[in-house]
Amino acid sequence: MNSYEQARRIEIKARRLALAALAGEYRSAFRGSGLDFDEVRPYTPGDDIRSINWQVTARMGQPYIKRYVEERQLTLLLLVDVSGSTAFGSGREKRDLAVEITAVLAAAAMFNQDRAGLILFSNRIEALAPPGQGRQHTQRLIHTLLTTNPAGQGTNVDLALQTAERVLKQRGVILLISDFLAPPEAYQPRLARLNRRHDVRTIWLGDPWEQSLPNLGLVALHDAETGEKIWLDTADPAWQATFAARRTAHHTAVHHALRRAQTPCLTLSTADDWLPSLARFLALRQQD
């Protein structure tokens, strides 16, 4: 099966999943992310006082409020981590999970006649597909996901966010999908700044073996991002304790950075039934 046929099959599956599980949650969660000013009108009891236009109120001598209408079309920009570490998985790879999630979200955008774009990144920008709409565009996004062979290995989240700043000229929705194996202090300031202008969400990819590496005895581990190869005795209690401490410290730092940036985060494992979790994540955002 060639890559275009594979992209078409994944797109068909993604459309079915999006229609069955995400269509309503997608629209509800992103509703109001983009608003256009429409007019001012006299205040009536029950209106939100935060919408009062004080300049017009002072000029007219009575309260007036600003009225907004929802933009008919949203722009969804998907930032997907394809660094070396995403090729890891105790069952399926984290990168495969990222492809599935991205395909379903792109299909949901298509159903709602929104524009969707894609940035694939490692420690460099691997591919960029500007926002567009329609089924053919969605298939091109999926084809890009399937056929891009990353040249970089490390993870530069800040570079992806910097690129998103250049791509999105108007307010839009940004979904950052990564395993966040990068120093949080390197990207937290730009993430917070970007979230003040756009609606930014994050999806944190993980794997069960990253939480608790099983006792496999003496094994050779290869760091996909640095190229380093080391031998480890996974049966050694001291090594297991060090591994757990480093994992906990990194997770704490990432959670702290995302909270400071005020970006909602969904954590997904390669072992998860991820679609219901994604639907719940979007539904919770509707209630915020």
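The values are calculated or read from the model by the stated rules, or taken from the named source; none is laboratory data. Not measured: the values here are computed from a predicted model. Note that we place each Cβ from the backbone using ideal geometry, even for glycine, and neighbour counts take in every protein chain shown.
What number of residues in segment 243-288 are in a loop (DSSP other than H, G, I, E, B) and either under 25 Å from Arg190 (Cα atoms) or in contact with a strand residue (DSSP E or B) (Cβ under 8 Å, 6 or more places away or on another chain) (or both)?
So the count comes out to 6.
Within segment 120-128, is there a residue that is assigned by TED's automatic domain parsing to the domain that holds Phe281, out of contact with any helix residue (DSSP H, G or I) (no Cβ under 7 Å at 6 or more places or on another chain), acidic (Asp, Glu) and farther than 13 Å from Leu77 by Cβ?
yes
What tally of residues in segment 169-182 results from selecting those that are touching a helix residue (DSSP H, G or I) at 6+ places or on another chain (Cβ under 8 Å) and in a loop (DSSP other than H, G, I, E, B)?
Matching residues across segment 169-182 total 5.
Among Thr138, Thr155, which is of a type in the set (Ser, Thr, Tyr) and assigned to a helix (DSSP H, G or I)?
After applying the criteria, what remains is Thr138.
Name the pairs whose Cβ atoms lie under 7 Å apart, with the first residue in segment 143-160 and crowded, with 17+ Cβ neighbours inside 10 Å, the second modelled with pLDDT under 90 and hydrophobic (A, V, I, L, M, F, W, C), and 6 or more positions between them or separate chains?
These pairs meet every condition: His143/Ala7; Gln153/Ala224.
Of all the strands (runs of 3 or more DSSP E) wholly in segment 3-111, which have at least 1 residues that are at pLDDT below 90 and loosely packed, with under 14 Cβ neighbours inside 10 Å?
Those strands (runs of 3 or more DSSP E) span 35-42, 64-70.
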